[in-house]
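**Student:** For reference, the structure I am asking about is given below.
The values are calculated or read from the model by the stated rules, or taken from the named source; none is laboratory data. This structure is a prediction, so every number in the text was calculated from the model and none was measured. When we count neighbours, we look across all protein chains shown, and the Cβ atoms used for this are built from the backbone with ideal geometry, even at glycine.
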Amino acid sequence: MKVLFNRLHSHDLPLPRYMTPGSSGLDLYAAVDEEILIPSGKIVLVPTGLALAIPEGYEAQIRPRSGLALKHGITLLNTPGTIDADYRGELKLIVINLGDKDYILKRGERIAQMVFSRVEKAEFMEVESLDETLRGSGGFGHTGV
């Protein structure tokens, strides 16, 4: 799959890339102008410096990096975030610090990963009743702890 892109203010940063041959996600880099302090418990909007033209029928899902989450409590607030095929603006990430210490984010730091996925379009059909299943309407812990 080919994805067209523009570098908005990230000409000095690496392009998104798969870090290993078996990687599902491409790493995204923080295109901040200067270091950003992310206080414990606070949210910041982090630019990537990239705009994409995702092919019709696909989406990009933006996910946290596990190492940042484990070591520092840095994650994405809306995860996975969805980038629709018709969006042409800059990719920006809603980052939250759930750790107990402030975090300093530097330009060029790997901050998230992007996974491409096919999108199926649903067609809703109203019916009088739905078929029965063993689970039925059980949810929110219905199978126990």
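**Student:** If we only count strands (runs of 3 or more DSSP E) wholly inside the range 1-112, which ones have 2 or more residues that are surrounded by 14 or more Cβ atoms within 10 Å (Cβ to Cβ) and of a type in the set (A, V, I, L, M)? Give the steps one after another, and end with the answer.
**Tutor:** Numbers: elements: 4-7, 26-29, 36-38, 43-53, 58-64, 74-76, 81-83, 90-97, 103-105.
Fully inside the range 1-112 and qualifying: 26-29, 36-38, 43-53, 58-64, 74-76, 90-97.
**Student:** Here is a check on your reading of the model: is SER129 of a type in the set (S, T, N, Q), more than 25 Å from HIS11 (Cβ to Cβ) and loosely packed, with under 10 Cβ neighbours inside 10 Å?
**Tutor:** yes
**Student:** State all residues of the range 48-58 that are out of contact with any Phe, Trp or Tyr (no Cβ under 7 Å at 6 or more places or on another chain) and either without any contact (Cβ under 8 Å) to a residue 40 or more places away in the chain or closer than 22 Å to LEU77 by Cα (or both); if no residue qualifies, say none.
**Tutor:** Result: GLY49, GLU56.
**Student:** Would you point out the residue of the range 1-47, among those that are in contact (Cβ under 8 Å) with a residue 40 or more places away in the chain and of a type in the set (Phe, Trp, Tyr), that is nearest to PRO80 (Cα to Cα)?
**Tutor:** The qualifying residue nearest to PRO80 (Cα to Cα) is TYR29.
**Student:** Looking at this structure, is ARG135 surrounded by 10 or more Cβ atoms within 10 Å (Cβ to Cβ), more than 15 Å from the chain's Cα centre (by Cα) and either not in a strand (DSSP E or B) or not acidic (Asp, Glu) (or both)?
**Tutor:** no
**Student:** OK, next. All but one of (1) modelled with pLDDT of 95 or more; (2) within 20 Å of SER24 (Cα to Cα) hold for SER66, so report the exception by its number.
**Tutor:** SER66 satisfies all of (1) modelled with pLDDT of 95 or more; (2) within 20 Å of SER24 (Cα to Cα) except (1).
**Student:** Kindly provide the set of residues from the range 119-139 that are out of contact with any strand residue (DSSP E or B) (no Cβ under 6 Å at 6 or more places or on another chain) and closer than 30 Å to ALA60 by Cβ, ordered by number.
**Tutor:** Residues of the range 119-139 out of contact with any strand residue (DSSP E or B) (no Cβ under 6 Å at 6 or more places or on another chain): 120-139.
Of everything in the range 119-139, those that are out of contact with any strand residue (DSSP E or B) (no Cβ under 6 Å at 6 or more places or on another chain) and closer than 30 Å to ALA60 by Cβ turn out to be GLU120, LYS121, ALA122, GLU123, PHE124, MET125, GLY139.
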